[in-house]
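The values are calculated or read from the model by the stated rules, or taken from the named source; none is laboratory data. None of the values given here were measured: they were computed from a predicted structure. Note that we place each Cβ from the backbone using ideal geometry, even for glycine, and neighbour counts take in every protein chain shown. With ligands, DNA and RNA removed, areas are computed over all heavy atoms of the protein, side chains included. Shrake-Rupley method; radii C 1.70, N 1.55, O 1.52, S 1.80 Å.
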Amino acid sequence: MPDEEKVIPKKVVPKKKLLDPRELTTCEATARMLAKARNDGVELAFDRAQNMKACPIGADSACCKHCFMGPCRLNSKDPYGKVGVCGATIDTIMSRNFARAVAAGCSAHTDHGMAMLDLFREVLEGHIKDYEIKNVQKLEYVAREMDIETEGREVKDIAMDLYKELERTYTQVDGEIPFVKRVPQKTLETWRKQGIVPRGAMREIMELMHRSAIGVDQHYANITKQCSRVALADGWGGSMVATEIADILFGTPSPVAIEVNMGVLKEDQVNIIIHGHEPNLFESMVASVAEPTLVQAAKDAGAKGLNLVGMCCSGLEMFSRHGTPHAGNFMSTETILVTGAVDAMVVDVQCIKQALAQVAECYKTQLITTNPRARIEGAKHVEFHEDTPKDCTDEIVIQAIGRFKNRGVEVEIPQIVNSGVHGFSHEYINYMLGGTFRASYTPLNDNIINGRIRGVAGVVGCNNPRMKQDYVHVNLVKELIKNDVLVVQTGCSQIALAKAGLTTPEAAHLAGPGLKEVCETVGMPPVLGLGACVDNSRILIACAEMVKTGGLGDSIADLPVAGCAPEYMSEKAITIGQYFVASGVFTVFGVTFPIVEGTKFHKHLFEELEELGMGKWGFATDPFDIAKLMIDHIDKKRKALGIDKARERVLMDMSDRREIDAA
Ligand code: XCC
Ligand code: SF4
């Protein structure tokens with residue numbers, strides 16, 4: 001493969017007047033760098049999005065290219081007025097398109113999870129010596145949950161049994177995936193009744209790809225069933241395995257103070273950014289930047305040291321586990337290169353914009369791909385091998401030092417640094433609220449039942465240049481906590497909130513009186529960062545624990561909880577949304593939804609799934625509209641549980657108390 005082919009940087013020729021950077025992002029550092037990029041004549045996704053209007057037919061999912069009699073385009077203004085050449089209706093076309101997105105998203109998370117499992121096996125078999133089991137307690141805990149004997153056994157034997165058990169998540173052809181053992185009984189019964197319990201991820205994805213091909217499954221409701229099955233194979237399968245294995249190998253996160261924003265770059269140091277999704281590369285980078293000979297080499301080159309920072313999801317895993325600084329979320333990955341301060345940007349898989357190659361070229365940054373599954377034209381490739389990880393990561397440091405010596409571009413770092421506390425695993429929530437001696441979800445449930453906490457919302461996911469960056473995330477979360485809804489977060493959303501200062505314990509003053517009281521008592525932020533997108537599995541586990549703890553119904557669908565990805569862009573988000581919906585959670589998406597309103601498929605996703613005992617989809621783009629949808633749903637569930645009165649009583653008690661205090 002030609003390696004370092006140079007991509008010729010393209011100058012911006014604006015087709016129309018571009019919006020002011022501050023209308024495109026609420027992130028000050030990103031706005032400044034976008035303005036600088038325009039001055040420098042460098043085009044970024046923010047501007048491309050303005051020059052490239054989304055295809056209106058595709059946006060409605062009203063086109064099909066599943067065979068070569070087409071592509072066929074239907075009219076979303078008159079959805080039942082036409083069918084495709086084969087006769088496919090709008091509902092078939094939209095559900096098949098949806099299915100392909102779910103299959104792709106599930107593939108991403110399960111392929112990542114399977115790579116983690118491969119690493120685990122290789123460590124156990126002694127082929128890989130640079131990693132080890134760091135968290136034996138977690139290993140034993142997960143093993144016991146999977147009915148593996150742990151008493152008096154060697155760690156390695158327990159681990160090997162766990163490996164064999166979890167491998168079924170991917171490869172099993174019949175039966176149920178291992179982590180269904182964690183699913184509340186009634187939720188699992190619903191899945192069994194619907195025929196959506198995943199067998200193994202590979203089998204489910206294969207079947208969905210088959211069924212969504214020309215002339216196979218042509219009933220939107222039946223296609224949706226397989227979408228749910230595939231999505232569940234991600235949430236309770238591939239992603240959950242990725243999270244658990246990462247915890248076993250690298251340690252379970254616990255709250256750690258972090259720094260975030262572009263100001264974490266240091267002009268006088270060699271700056272290395274890791275951007276991607278797999279923690280193994282990043283873990284090895286941590287070892288390489290601590291290598292005395294490499295630190296010395298950096299000093300010899302005139303740098304004060306080596307500065308390792310993260311972006312996007314692998315960055316989130318690292319700051320959750322090690323407190324590594326984080327430079328920004330998805331819509332800041334190009335802009336950060338505009339600082340000129342990045343000596344190497346190292347990427348592996350997922351969410352890596354191809355345009356990074358061009359932008360890196362303009363600012364003389366080394367863009368380095370590391371994974372055999374993901375190469376980029378114009379980028380340097382330094383392949384990462386798990387059995388010799390430091391060969392790759394040491395080389396990256398050397399490359400970065402080389403670039404530092406000859407930066408040759410002006411450096412301008414927006415000096416903005418925000419801080420927060422992140423790294424709340426589901427285990428830690430247990431401990432934090434329950435204390436060491438009675439670690440449990442009982443205090444959380446009690447506070448929900450007595451109404452101090454109205455409910456729990458998961459606010460997760462990406463940025464999308466079709467929305468003002470971070471604006472929806474931040475305003476939605478502010479509105480939720482103001483209404484006593486505790487917010488849990490994963491993915492790029494969490495970086496938006498960290499930059500806005502909402503992930504500090506001091507942010508409790510922005511919460512409603514009940515949530516504020518709980519946060520102040522425990523000393524926790526009202527917004528809890530749980531990690532990367534695969535760590536949405538932690539939210540599922542927390543939901544399962546809430547059900548098992550009691551007092552909030554028998555299934556996840558009974559809980560006063562809701563989820564949202566307000567600025568999503570990835571197919572992975574659709575899969576995550578579908579597994580939350582299938583698990584029983586009302587899930588609202590922003591930006592756009594690939595569907596035509598007023599169709600049968602729309603009614604199915606947005607209404608009928610709930611009637612079948614699952615959750616349902618919702619859609620709104622304005623943060624306050626989204627908050628209203630979520631809070632209304634939480635209140636509906638509280639009412640069904642008979643705890644709506646409790647909430648009123650708490651408020652009354654407080655006003656009573658104020659009266660007493662005043663007297
Ligand atoms: Fe990607 Fe995971 Fe989305 Fe961020 S939130 S843009 S998927 S990095 Ni996962
Ligand atoms: Fe057209 Fe049917 Fe082929 Fe799709 S599958 S492209 S609707 S003919």
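From the phi of every residue in region 257-265, what ³J(HN,Hα) in whole Hz does the Karplus formula 6.51 cos²θ - 1.76 cosθ + 1.60 yield, where θ is phi - 60° and glycine or proline is x?
Working through the residues one at a time gives 6, 10, 10, 9, 3, 5, x, 6, 6 Hz.
For region 97-105, just list the computed ³J(HN,Hα) in residue order, Karplus coefficients 6.51, -1.76 and 1.60, θ = phi - 60°, integers in Hz, with x standing in for Gly and Pro.
With coefficients 6.51, -1.76 and 1.60, one gets 4, 4, 4, 5, 5, 4, 5, 5, x Hz.
Return the Rg/Rh value of region 350-418, two decimal places, where both radii are evaluated on C-alpha atoms and Rh is the Kirkwood radius.
Rg/Rh for region 350-418 comes to 1.01.
Just check region 84-227 against the gyration tensor rule for me: Cα atoms, a ≥ b ≥ c as the square roots of the eigenvalues, rounded for a/c under 1.5, and otherwise prolate or oblate depending on whether a/b exceeds b/c.
It comes out prolate by the Cα gyration axes.
Based on DSSP, what percent of beta bridges with both residues in the chain are antiparallel, to the nearest 5?
The antiparallel fraction comes to roughly 20 percent.
Over region 203-349, give the accessible area per residue in Å² for a 1.4 Å probe, as an integer.
Working: 3360 Å² over 147 residues.
On a per-residue basis, region 203-349 sits at 23 Å².
If exposed chymotrypsin sites (Phe, Trp or Tyr not before Pro) are those in a DSSP loop with at most 16 other Cβ within 10 Å, what is the longest stretch of the chain that has none?
By the stated rule (loop sites, at most 16 other Cβ atoms within 10 Å), 81-436.
Out of region 134-164, which GluC sites (Glu not before Pro) are coil in DSSP terms and have no more than 10 other C-beta atoms within 10 Å?
Hits after loop and neighbour filter: GLU151, GLU154.
For the cross-link pairs LYS77/LYS353; LYS193/LYS548; LYS134/LYS548; LYS600/LYS639; LYS129/LYS164; LYS82/LYS636, which exceed 27 Å when the distance is taken from alpha carbon to alpha carbon? Don't skip to the answer; put the middle values down first.
Values: LYS77/LYS353 33 Å; LYS193/LYS548 21 Å; LYS134/LYS548 29 Å; LYS600/LYS639 29 Å; LYS129/LYS164 20 Å; LYS82/LYS636 39 Å.
LYS77/LYS353; LYS134/LYS548; LYS600/LYS639; LYS82/LYS636, as the Cα separations exceed 27 Å there.
Would you mind listing how long region 252-342 runs along its three principal axes, going by Cα atoms, in whole Å with the largest first?
Taking max minus min along each principal axis of the Cα atoms, region 252-342 gives 35, 30, 22 Å.
With a ≥ b ≥ c the root eigenvalues of the C-alpha gyration tensor of region 384-501, is it rounded (a/c under 1.5), prolate (a/b larger than b/c) or oblate?
oblate
Which of rounded, prolate or oblate describes the chain when judged by the alpha-carbon gyration tensor and an a/c cut-off of 1.5? Could the numbers behind the result be given before it?
Working: a/c = 1.28, a/b = 1.17, b/c = 1.10.
It comes out rounded by the Cα gyration axes.
Kirkwood Rh over alpha-carbon pairs of region 502-627, then Stokes-Einstein at 25 °C and 0.890 mPa s: what D in µm² s⁻¹, rounded to an integer?
153 µm²/s
Residue-wise, which Karplus ³J(HN,Hα) couplings in Hz belong to region 187-195, taking 6.51 cos²θ - 1.76 cosθ + 1.60, θ = phi - 60°, and x for glycine or proline?
Running phi through 6.51 cos²θ - 1.76 cosθ + 1.60 with θ = phi - 60° gives 5, 5, 4, 4, 4, 5, 4, 7, x Hz.
Taking only DSSP H segments of four or more residues, each worth -39500 (n - 2.57), what value at 222 nm results for the chain once the sum is divided by all its residues, to the nearest 500 deg cm²/dmol?
Theoretical 222 nm ellipticity from helices: -14500 deg cm²/dmol.
Testing the spin-label approximation: label points 7 Å from Cα along Cα→Cβ at ILE214 and ARG373. State their distance in nm.
Spacing of the two 7 Å Cα→Cβ label points: 3.0 nm.
Which residues' amide hydrogens lie under 5 Å from the amide hydrogen of LEU367, considering only partners 5 or more residues apart or on another chain, with H built in the peptide plane?
HN-HN under 5 Å from LEU367: MET345, LYS380.
Loop-only check: which GluC sites (Glu not before Pro) in region 546-642 are DSSP coil with at most 14 other Cβ within 10 angstrom? Let's see the in-between values first.
Values: sites: GLU567, GLU571, GLU597, GLU607, GLU608, GLU610, GLU611; in loops: GLU567, GLU597.
Answer in residue order: GLU597.
Would you please give the residues with an amide H less than 5 Å from that of ILE413, counting only those at least 5 places away or on a separate chain, with H modeled from the backbone geometry?
Residues meeting the criterion, in which the H sits 1.01 Å from N, do not exist here.
Given the convex hull over the Cα atoms of region 313-444, what projected area results after averaging over all orientations, in nm²?
So the Cα hull casts an average projection of 10.8 nm².
Taking amide H positions as placed in the peptide plane 1.01 Å from N, state which residues far from HIS277 in sequence (5 or more) or on other chains have amide H under 5 Å from it.
Hits under the 5 Å cutoff: SER314, ASP348, VAL349.
In whole percent, how big is the carbon plus sulfur part of the accessible area of the chain, probe 1.4 Å, protein atoms only?
52 percent
Where Rh denotes the Kirkwood radius from the mean inverse Cα pair distance, what is Rg over Rh for region 458-569? Provide the component values of the computation, followed by the final result.
On the way: Rg = 14.0 Å, Rh = 14.3 Å.
Rounded to two decimals, Rg/Rh equals 0.97.
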